[in-house]
1. Which of the peptides 28-34, 53-59 is most tightly packed, and how do the rest follow, judged by the mean count of other Cβ atoms within 10 Å per residue?
2. Which whole number of Å³ per residue matches the convex hull of the alpha-carbon atoms in the chain?
3. Can you compute the FRET efficiency between Asp47 and Ser7 using 1/(1 + (r/R0)^6), with r the Cβ-Cβ distance and R0 = 35 Å? Round to the nearest 0.05.
4. Based on the alpha carbon coordinates of the stretch 25-65, what radius of gyration and maximum Cα-Cα distance (Dmax) apply, in Å?
5. Taking the Cβ of Ala29 as the centre, find all other residues whose Cβ is under 12 Å away and add up their charges (Lys, Arg: +1; Asp, Glu: -1).
Amino acid sequence: MALKKISVSEKVYLLLKKLRLPSESFGDAIERICLNFTTENLIQWFDNSKGWEDISKSEFNEYYNSIQKFQKKFKVEIENT
């Protein structure tokens, strides 16, 4: 497996440090977060979260479409690297 170095700001480092589980490396934490950020997981989260009951179908579709666009762009950028 090839290793790559990345640079992050101090703020991002501290955020990632908070999100990292005790047994995880930073790389493992980044992988876990990226793999769990899916449209399907977001839909499930919305369905199980209180406070979103009054969101309209069109508002939900706006969020959903924005996330799908982000994911497509993100996948293209990753595939092209």
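1. On the way: 28-34: 13.3, 53-59: 8.4.
Result, highest mean Cβ count within 10 Å first: 28-34, 53-59.
2. Details: hull volume 11.8 nm³, N = 81.
Roughly 146 Å³ of hull volume per residue.
3. Here the calculated transfer efficiency is 0.40.
4. 13.2, 40
5. On the way: positive: Lys17, Lys18, Arg20, Arg32; negative: Glu24, Asp28, Glu31.
Residues close to Ala29 contribute a combined charge of +1.
Bear in mind that the values in this text are calculations on the coordinates, not laboratory data. What you see is a predicted model; the values in this text were computed from it and never measured. Note that we place each Cβ from the backbone using ideal geometry, even for glycine, and neighbour counts take in every protein chain shown.
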